[in-house]
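The values are calculated or read from the model by the stated rules, or taken from the named source; none is laboratory data. This is a predicted model, so every value here is computed, not measured. Virtual Cβ from ideal backbone geometry, glycine too; neighbours counted across all protein chains shown. Note: areas computed on protein heavy atoms with side chains; ligands, DNA, RNA excluded. Shrake-Rupley method; radii C 1.70, N 1.55, O 1.52, S 1.80 Å.
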Amino acid sequence: MLKVFRAEPKRCGWLCAALVAGVLLAAPVAVADTVDDIVINGTQRVDPQTVLSYLEIEPGDPFDPDLLDDSLKALFATGLFADVVVRRDGTTLVVEVKENPVINRIAFEGNDRIKDEVLEAEVQLRPRRVFTRTKVQRDVQRLLDVYRLSGRFAARVEPKVIVLEQNRVDLVFEISEGPLSRVRSITFIGNRSFSDSDLRDVIQTREYAFWRLLTSNDTYDPDRLGVDRELLRRFYLEEGYADFKVVSAVAELTTDRTDFVITFTVDEGRRYRVGAIGFDIALKQVTEEMLRPLVSFETDDWYDADAVTEAAAEMADAAGEVGYAFVDIRPRTERHREDRRIDIIFEIGEGQRVFVERIEIEGNVRTLDEVIRREVRLIEGDAFNTARLRDSHRRIRNLGFFNSVEVERQQGSAPDRMKVRVKIDERPTGELSFGVGYSSLNGLLGDVGITERNLLGRGQTLKARVQGSALSQQFDLGFVEPYFLDRDVLAGVELFRVTRDRQDDSSFDEKKTGGGVRFGYTLGRDLRQSVRYQYRRTQVLNVDTSASRFIVEQEGTTTTSQVSQSLTYDKRDNRLDPTEGYLLSMSTDVAGLGGDTRLLRLRGNGSYHFPVFDDTVLSMSAEAGHVLGLGEDVSIAERFFIGGSVIRGFAASGLGPRDTLTGDALGGNNYYAGTVEYSFPIGLPDDLGIKLALFADAGSLWHVEAEGDEVFDSTAIRLSGGFGLAWRTAFGLIRVDIAEAILKEEQDETELVRFSFGSRF
C-alpha cells in the first residue's frame, strides 16, 4: 500500500508533517520497518547531498515519525524549497522537492518622489537570491515605512512576479506613492492658561498652509511628534507649571487617508512661584555673595525651570574660574502645593573627576569629521569641562555649514568617563548672491557672487564675485584654507580686478588690478589676529575735460605695496545672524614697502546686540577710519567714500568733500558712522521669516588735501532714519530699506530706496 503526502508550508505546515509521519508508521503491516535507501528527486540548483544533510533520518533507521517531522521542518527552514513531497516506496524513502525560484531582476515602477537607489538600499531581496513570499512581504513593509517617513502614508506597494524560464523570476514592486500626508489640524484638550494658537507656536509641527511650500513641518512625522511633546513640557516648565504633563498625543488619519488630525491632551496642573532661594556650598573659595548675582530670578517670581538650569551653569563657570574644574551643582526643589511655591536650594560640591572617553560626530554626510573635530575644545583624554563644551558648540555653529548643531554629553563606559556627542544637520554651503540697488546718482546697480564655503567638505572657501552696472565692473577670486598645515592658522590668496566708472560722481574712471595673501591665527579665546600683504596697480583714467582740477592732477598710474594687520574680538552668539554679544575690530594698513604709494590707514569698528523681548533684537554698531599720507598727499584712489549701505538715505559717495563748481566727489581722509537698529517680527506666521527693522544711521566724512574756495569740506554730522523689511526665504534673504536723509548738507546726494537679495543653493 503506497501513501504519498505533499507538504506545502503555506497550506498545511507542521500538522501535515505529523500526518505524513503517522501514515508512514502505518505502513509496516505491508513492508519492512527500516529505511534501506533514500532517493532525492526534483533538485536543479541544490545538490542532492545538501538535501540529505538536512534529513534527520538515514538508511538503516526506522520510519520514525519524530525523525520525519524534524526532517521536514529542517528542509522548509532553509527557504530553498517551495514544496516538499515525501513518499515511501517499499523500503525506500523518496523525497521530492520543488525549489523556490531565483530572482533574476528587481525593478520599481511608479516611484517619482524617491529614487530607485534609495529603495534598493531598503529591500533585503537581491538578484540571484532565492525568492520567497515571506521575504517579499517583509520588503513591501520596508518600502511602506520609507514612504511614511517621507510623509506619504497613503502610499501602496504591490509586488508582481514575472515567471521566467529555468525557474527564474523578475520581481517588480508597483508603487502608488499617493499625496503627502499633511497635517490638517492641530487641537489641544485640557489647556486653560494658553490658547490653542499659543501652543501651536511652541511645537514644530504646523498645520498645512499654502505659504509653507518650502518647508516640511506641515507633513506628519511621528518622530517630530515626540519632539513636540518635549517642547510643550519645556514651555510649561518655563511658565511655572511644574506639574505639567502631556497625557497623550494622537495622530489620526482622515477618512480619505490623505491628511492627519493631531490632538494633544494635556494636564497643566498648578502654576508655582519661587519660594526661598538657598545655597548649600561645600567649596572653600566659593561664597554665596559670589553666586547670588548669577541667579536671574527672585522670590515671588514665577518659577522657570530653564532659569534654574541657566543659573546652575553660570555657577559652574564661576567656580571654574577660581580653580574648581569639576563642580557638581544640583538645584534641589521643594514643592509646597498648598501655597503653590517651590523652594530652590543650590547644592554645590566638588564632583567626581570625569574625563572625555570619546567624541562622536553624527549627521555629517559631506563635511569631513576633522573639520568639525578641530572646533571642539576638548580631545579624548581631557578632563571634562562644561565651559569648553559650550564654547565648542558656539565654534561649530559659527562655521555656518549647518542648520542645527547639538553638542551634548553622555555617560561613558565607566562612572568617570564621558562621551561627547556632536549631532549636526548640514545645509548647502554654496551661495549665489544677488545685490540690487538704485540711486539717483548711479541708477541701477547689481552684483552676482558665487561662493562655496565648505569646498569638498574640508571647510575651505572658494569664491568668485562679479559686480557690475553701467558704471562699474568688479571681479574677485579668492581661496581660503582655515587650518593651514593642520594648524589653527588661516591662509588665503586673492586676485581682483576692479573697473569703476566714477564719471557721474567724480568725472573719472578707476581701474585696480592686484592680488594678495593673508594669514590669521588665534591669540586667545575669541581673539584673532590676521596679517595681510597686497600688491595692486591703480589707474585713474578717462578724466573728463570738465572735471575738478583736483582730480585732473590725479590722472595716471600708481602702484601700492601694502602690509596690513587686524585684531578681532568676537563675542557674538552667531556671526551670521547675531542676537546677542559684541564684536570689536581694529585694522592698520601701511603702504610704502615698495611701490610709489606711502600711507598709513587706521580703521576700527564694533557692534553690540542684545534681545529686548522674545524674537526682537536691538543692534548698535559704529565704525571710523583715518588715512594719513607719509610725506605725500593721499591720492583719490586711497581716500574713503561712504554713503549707500553705510549711511542709508545717502547715495554711494553721496556725502563728504566735493568740488562745488563741478559737483565731483573728492573723498575724505577721515570718517565715522554709526547705526542703531531694532528688528522684530510683524505678527505673520514665523514660517514666513519676515521681520521689520527700524533704524537710524549717522556719520560724516571730511578732510581732503585740496585748497580753494570751490572745495566743500564739512565735519557736519549727517543723519538718516527709516525702516527695512527683511524676508528670510529658502532662496536667501530679501531686504528692502527705505530711508530719508534727515540731516544733510546742500552738496550731498541722497536716495530713498535700497534693495538687496541673496540666494543660497
* Any residue in region 89-106 that is farther than 30 Å from ASP64 by Cα and under 28 Å from the mean Cα position of the chain (by Cα)? -> no
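Just checking, does region 84-106 include any residue being exposed (fewer than 14 other Cβ atoms within 10 Å of the Cβ) and modelled with pLDDT of 85 or more?
Going residue by residue through region 84-106, those that are exposed (fewer than 14 other Cβ atoms within 10 Å of the Cβ) are 89-90, 105.
From what is left, the residues that are modelled with pLDDT of 85 or more are 105.
Yes.
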* To do: Considering every residue within region 518-539, establish whether at least one is farther than 27 Å from ASP488 by Cβ and in contact with a helix residue (DSSP H, G or I) (Cβ under 7 Å, 6 or more places away or on another chain).
  => yes
* Asked: Considering region 67-81 alone, what residues qualify as being closer than 22 Å to PHE131 by Cα, touching a residue at least 40 places away in the same chain (Cβ under 8 Å) and open to solvent by less than 50 Å² (accessible area, probe 1.4 Å)?
  -> LEU72, PHE76, GLY79, LEU80
* Spot the failing condition for GLY629; the list is (1) surrounded by fewer than 22 Cβ atoms within 10 Å (Cβ to Cβ); (2) in contact with a Gly (Cβ under 9 Å, 6 or more places away or on another chain); (3) small (Gly, Ala, Ser), and only one is missed. => (2)
* Being aliphatic (A, V, I, L, M), under 26 Å from ALA665 (Cα atoms), in a strand (DSSP E or B) and open to solvent by less than 20 Å² (accessible area, probe 1.4 Å) is the filter here, so list the residues in region 689-747 that pass it. => LEU701, ALA739, ALA741
* To do: Determine whether GLU122 is closer than 20 Å to ARG45 by Cα and open to solvent by 30 Å² or more (accessible area, probe 1.4 Å).
  => no
* Just a yes or no: is a residue in region 147-162 open to solvent by less than 60 Å² (accessible area, probe 1.4 Å) and over 27 Å from THR255 (Cβ atoms)? -> yes
* Structure fact -> Of (1) at pLDDT 95 or above; (2) of a type in the set (A, V, I, L, M, F, W, C); (3) within 35 Å of the chain's Cα centre (by Cα), VAL612 satisfies every one except (1)
* **Residues within region 273-304 that are under 11 Å from ILE344 (Cβ atoms) and either modelled with pLDDT under 90 or among the polar types (S, T, N, Q) (or both), tallied** => 1
* Asked: Restricted to region 536-585, and to residues that are among the acidic types (Asp, Glu) and farther than 21 Å from LYS511 by Cβ, which residue is modelled with the highest pLDDT?
  -> ASP570
* **Qualifying positions in region 127-140 - at pLDDT below 90 and exposed (fewer than 12 other Cβ atoms within 10 Å of the Cβ)** => ARG128, THR134
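One line per residue, one yes/no per condition, for (1) of a type in the set (A, V, I, L, M); (2) in contact with a helix residue (DSSP H, G or I) (Cβ under 7 Å, 6 or more places away or on another chain):
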{"residue": "MET586", "(1), (2)": "yes, no"}
{"residue": "VAL590", "(1), (2)": "yes, no"}
{"residue": "LEU600", "(1), (2)": "yes, no"}
{"residue": "PHE610", "(1), (2)": "no, no"}
{"residue": "GLU623", "(1), (2)": "no, no"}
{"residue": "LEU628", "(1), (2)": "yes, no"}
{"residue": "GLY649", "(1), (2)": "no, no"}
{"residue": "LEU661", "(1), (2)": "yes, no"}
{"residue": "LEU666", "(1), (2)": "yes, yes"}
* Asked: Applying the selection to region 600-615, what residues are more than 19 Å from LEU583 (Cα to Cα) and open to solvent by less than 70 Å² (accessible area, probe 1.4 Å)?
  -> LEU600, ARG601
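For region 573-598, which positions are open to solvent by 40 Å² or more (accessible area, probe 1.4 Å) and either among the β-branched types (Val, Ile, Thr) or within 21 Å of the chain's Cα centre (by Cα) (or both)?
Matches in region 573-598: ARG575, LEU576, ASP577, THR579, GLU580, VAL590.
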* All positions within region 711-736 that are charged (D, E, K, R) and modelled with pLDDT of 90 or more -> ASP713, ARG718
* Asked: Give me the pairs: first residue in region 443-456 and at pLDDT below 65, second residue among the charged types (D, E, K, R), beta-carbon distance under 7 Å, and six or more apart or on different chains, which are they?
  -> ASP447/ARG465
* Asked: Do any residues in region 161-177 that are more than 21 Å from SER150 (Cβ to Cβ) and of a type outside the set (A, V, I, L, M) have Cβ atoms under 7 Å from those of residues that are open to solvent by 70 Å² or more (accessible area, probe 1.4 Å) and not in a strand (DSSP E or B), where the two are at least six apart or on different chains, and which pairs are they?
  -> ASN167/GLN44
* Restricting attention to region 333-369, and to residues there that are over 17 Å from LYS419 (Cα atoms) and under 25 Å from the mean Cα position of the chain (by Cα), which single residue is surrounded by the fewest Cβ atoms within 10 Å (Cβ to Cβ)? -> VAL365
* Within region 163-179, considering residues that are open to solvent by 50 Å² or more (accessible area, probe 1.4 Å) and in a loop (DSSP other than H, G, I, E, B), the one farthest from ASP259 (Cα to Cα) -> GLN166
* Asked: Do you know which residues across region 293-313 are over 18 Å from ARG335 (Cβ atoms) and open to solvent by 50 Å² or more (accessible area, probe 1.4 Å)?
  -> PRO293, LEU294, SER296, GLU298, GLU310
* region 548-560, residues that are open to solvent by less than 60 Å² (accessible area, probe 1.4 Å) and either out of contact with any Ser or Thr (no Cβ under 8 Å at 6 or more places or on another chain) or part of a helix (DSSP H, G or I) (or both) -> PHE550, ILE551, GLY556
* Do we have ASP659 as surrounded by fewer than 16 Cβ atoms within 10 Å (Cβ to Cβ) and in contact with a strand residue (DSSP E or B) (Cβ under 9 Å, 6 or more places away or on another chain) here? -> no
* For region 183-285, which fully contained strands (runs of 3 or more DSSP E) count at least 1 residues that are among the hydrophobic types (A, V, I, L, M, F, W, C), exposed (fewer than 14 other Cβ atoms within 10 Å of the Cβ) and in contact (Cβ under 8 Å) with a residue 60 or more places away in the chain? -> 273-281
* Any residue in region 406-428 that is more than 13 Å from the chain's Cα centre (by Cα), part of a helix (DSSP H, G or I) and of a type in the set (Gly, Ala, Ser)? -> no
* **Selection within region 32-66 - under 25 Å from ASN100 (Cα atoms), over 60 Å from the mean Cα position of the chain (by Cα) and crowded, with 17+ Cβ neighbours inside 10 Å** => ILE38, ILE40, ILE57
